[in-house]
Amino acid sequence: MQQSAQILVIALLVALTLTLAMPLRADGTDEAVLAARLDALADGFMRQERVPGAIAVVVAGDTTILRGYGLADLEAETPVSQNDTRFEIGSITKLFTWIAVMMLVEEGAVGLHDDITPILPESLVPGDAPLTLAQLVSHRPGFEESFAIFDDAIASLPRAEALAAAAPEQVFPRGEVTSYSNWGAALAGHVVETLAGMPWEDFVETRILDPLGMEDTTTGEAGRSDDQPPLSVSYRVQDGIAHPAFRIDIGAFAPAGGMASTAADMERFLQFLMSDGAVGDTRLLEPESMAAMRTRLFDDRPDAADMAHGFQSRPFFGTMLYGHGGGLNEFLSNLLFIPEIGAGVFISQNGGAGTSLPFLVPELLLSELATDAGLALQAPAPPPDAIDRAAEAAGLYLTNRRPFSGRGKIFGALGPLVVTALPDGALLLPTNTDPVPLRFEPIGPDLWQNDQGARVFFLRDVDDRVFRMADGTGAQTWDRAKGLANPVWIAVTFGVAVLLSLTTLAGLVWRHGLAGGSRQGTLAAGMAAVCAVAVLTFLAACVAAALAATRLGSEFLFDQPQTTLAAVFFLANAVVVVAGLMALSVALAVHAPGWSLFRKLHHGVFAVALLAFGGMLLHWDLAFGGPI
């Protein structure tokens, strides 16, 4: 097995080396070379990461390449077809929603900076401040993450009711913080249907899909017609084995990610995105509106990644790279394009043990096309104080795309991002495509870039202190973890509580039972034993939940209730309750005759540790919190 893996890695490296050496042009003169490069990369990464099937589109000037790779159904051995197999495109659906928004803006039905709350049902919009489409398309409405959109019971409701049932809290001031919002995109879809007087699905189909000839693209599986191609089966790959994926239907939240398409249809869409608003004789948007969609509505980080009217917008080889990624039901998709050179790539896979095919290959291809077109990465030009700035940027950060209330709040603590400063002013941090920390070179004040062109930018507060990081996706920001928001504290208090629980039980064994020398001493010893068992049982439940999450993947989160997670929540409640009782038992321990000073101190310290840990459980809403 190890030898086979080594051979595979060597083969992949050879394929990469050979294809990287092939010059590519965006003028359509090297179609065979470009196709060979795509095929080699796809073959290598599909083998390495056990990808069952994929579709791909590459547009370079007048050259168009469509591909279907692997199998759409492993059991039936159905091959993927570039024309006749649909893949779910996830959040790339949002681009259709934002185009619909711009159509209505162009027609004068609404302004990007108009308050949309008056046209929506009362109390539907979280918060009291006005909300604009400019904030929604830029993912700056100030909403927390809402996992309720993945609840089948809620998603099956009419859109307005579903939005109300899944409404998040407003946790940031409008327009200030980039925090990717599926709920916000679904709300924008409801705005479209409210203003247009027809369902979002009908608007997208009649105003976008039909004019572009995207006949095989669906806005949701419930609306698929018999003459449209079947949807590929999707797979969760674990330990090298592909299992049919757990599926959810986001129903009412389709404007945020419900569409599925073929390679042939996505080629038409990619051509439109790189146009001036028209493909052939079909015009969807005026050139001015199309140009506006490639501009940003906020200007707090012009040299770093951000959102441009719903597109992820990233500086890339001296120009701007636009696009969007998507993931749902184990499908992973990515669409990227550079209008300046007329080049774009779309790739979607139906499962796999990695993300390289959809998220690395498009950038590799576009990097070569950009280089061949005479574009180049910005050369590092470290500011004089780069070392000091790197030291200020280093630290622990939490994504702003997280629940800030309810028991889902803890998920924000499970994936902190660690930024490490190097002695020469560079930074080490992981990216969305590579969990291994990569080196980022300083190229400007508070701006760093890696060798793939991805940039990170650090924002400062009014006191000139770094407090937030904008990552290379343009869709997320991360706030420095400080105070009780730093997940280190729950880890430390948990660890101390576990250690003292073990020493408490060890003491009982040493003393051959609960004998405390008196009634009050026995009660205190019994309370300590109950607390120790509660903490250790909570630890076991956490381990069981972690193992279940590893085994089930997204199903663990979306298919609620999960037995192990329910046990974690129940036991978190129990730990908080017994922590309070343990604090009361300190008085008994202090006056217990026959207890040594060490035993009394141990009991008191255990009580304090339990109170601290219980406080953390309450702070993170693990105990007595609301729904996920």
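Points to keep in mind about this one:
- Residue count, segment 452-498 (criterion: out of contact with any strand residue (DSSP E or B) (no Cβ under 7 Å at 6 or more places or on another chain) and without any contact (Cβ under 8 Å) to a residue 24 or more places away in the chain): 8
- Within segment 459-491, the set of residues being outside any loop (DSSP other than H, G, I, E, B), buried (at least 20 other Cβ atoms within 10 Å of the Cβ) and among the hydrophobic types (A, V, I, L, M, F, W, C) comprises 469, 470, 478, 490.
- Selection within segment 555-576 - open to solvent by less than 40 Å² (accessible area, probe 1.4 Å) and small (Gly, Ala, Ser): 567, 572, 574
- For segment 230-263, a residue qualifies if it is over 30 Å from residue 161 (Cβ atoms), hydrophobic (A, V, I, L, M, F, W, C) and either open to solvent by less than 40 Å² (accessible area, probe 1.4 Å) or assigned to a loop (DSSP other than H, G, I, E, B) (or both), and the qualifying residues are 233, 237, 242, 263.
- Contacts under 6 angstrom Cβ, first residue in segment 311-325 being touching a residue at least 40 places away in the same chain (Cβ under 8 Å), partner acidic (Asp, Glu) and open to solvent by 30 Å² or more (accessible area, probe 1.4 Å), 6 or more apart: 319/340
- Count - residues of segment 200-214 that are closer than 16 Å to residue 109 by Cα and open to solvent by 20 Å² or more (accessible area, probe 1.4 Å): 1
- Among the residues of segment 139-173, those identified as more than 22 Å from residue 113 (Cβ to Cβ), open to solvent by less than 30 Å² (accessible area, probe 1.4 Å) and in a loop (DSSP other than H, G, I, E, B) are 144, 145, 146, 166, 168.
- Summed over segment 45-81, residues that are more than 20 Å from residue 273 (Cα to Cα), in a loop (DSSP other than H, G, I, E, B) and open to solvent by 50 Å² or more (accessible area, probe 1.4 Å) total 5.
- Enumeration of residues in segment 382-395 that are on the phi < 0 side of the Ramachandran plot and either in contact with a strand residue (DSSP E or B) (Cβ under 6 Å, 6 or more places away or on another chain) or assigned to a helix (DSSP H, G or I) (or both): 382, 386, 387, 388, 389, 390, 391, 392, 393, 394
- Filter pass, residue 351 being modelled with pLDDT of 95 or more and either assigned by the TED database to the domain that holds residue 264 or open to solvent by less than 10 Å² (accessible area, probe 1.4 Å) (or both): yes
- The set of residues in segment 105-138 that are in a helix (DSSP H, G or I), open to solvent by 10 Å² or more (accessible area, probe 1.4 Å) and not β-branched (Val, Ile, Thr) comprises 106, 118, 135.
- Filtering 579, 609, 589, 623 for residues that are in a loop (DSSP other than H, G, I, E, B) and open to solvent by less than 30 Å² (accessible area, probe 1.4 Å) leaves a single hit, 623.
- Where a residue in segment 114-138 is assigned by the TED database to the domain that holds residue 101 and its partner, wherever it lies, is basic (Lys, Arg), with Cβ under 7 Å and at least six apart: 129/174; 131/174; 135/174
- Segment 30-44 - residue that is of a type in the set (Gly, Ala, Ser) and in contact with a helix residue (DSSP H, G or I) (Cβ under 6 Å, 6 or more places away or on another chain) and, of those, most open to solvent (accessible area, probe 1.4 Å): 40
- Residue in segment 515-524 that is part of a helix (DSSP H, G or I), among the polar types (S, T, N, Q) and free of Cβ contacts under 8 Å to residues at least 24 places away in the same chain present: yes
- Enumeration of residues in segment 302-313 that are at pLDDT 95 or above and farther than 19 Å from residue 111 by Cβ: 304, 305, 306, 311, 312, 313
- Any hit, segment 428-446, residues being more than 28 Å from residue 144 (Cβ to Cβ) and buried (at least 21 other Cβ atoms within 10 Å of the Cβ): yes
- Exactly one residue out of 599, 519 is of a type in the set (Lys, Arg) and surrounded by 16 or more Cβ atoms within 10 Å (Cβ to Cβ), and it is 599.
- Residue that is modelled with the highest pLDDT, among those in segment 492-514 that are open to solvent by 60 Å² or more (accessible area, probe 1.4 Å) and part of a loop (DSSP other than H, G, I, E, B): 511
- Residue count for segment 369-427, restricted to those that are open to solvent by 50 Å² or more (accessible area, probe 1.4 Å) and in contact with a Lys or Arg (Cβ under 7 Å, 6 or more places away or on another chain): 2
- Conditions (1) under 26 Å from the mean Cα position of the chain (by Cα); (2) in a loop (DSSP other than H, G, I, E, B); (3) modelled with pLDDT under 95: number failed by residue 227: (1)
- Looking only at segment 264-319, and only at residues there that are assigned to a strand (DSSP E or B) and farther than 28 Å from residue 141 by Cβ, the one that is most open to solvent (accessible area, probe 1.4 Å): 283
- When segment 165-197 is filtered for residues that are under 21 Å from residue 479 (Cα atoms) and out of contact with any strand residue (DSSP E or B) (no Cβ under 9 Å at 6 or more places or on another chain), the ones remaining, listed by number, are 173, 176, 182.
- Residue list for segment 330-348, filter: surrounded by fewer than 24 Cβ atoms within 10 Å (Cβ to Cβ) and assigned to a loop (DSSP other than H, G, I, E, B): 342
The values are calculated or read from the model by the stated rules, or taken from the named source; none is laboratory data. All figures in this text were calculated on a predicted structure; none of them were measured in a lab. Note: ideal-geometry Cβ built from the backbone for every residue, glycine included; neighbour counts use all protein chains shown. Just the protein is used for accessible areas: all its heavy atoms, side chains included, with ligands, DNA and RNA removed. Shrake-Rupley method; radii C 1.70, N 1.55, O 1.52, S 1.80 Å.
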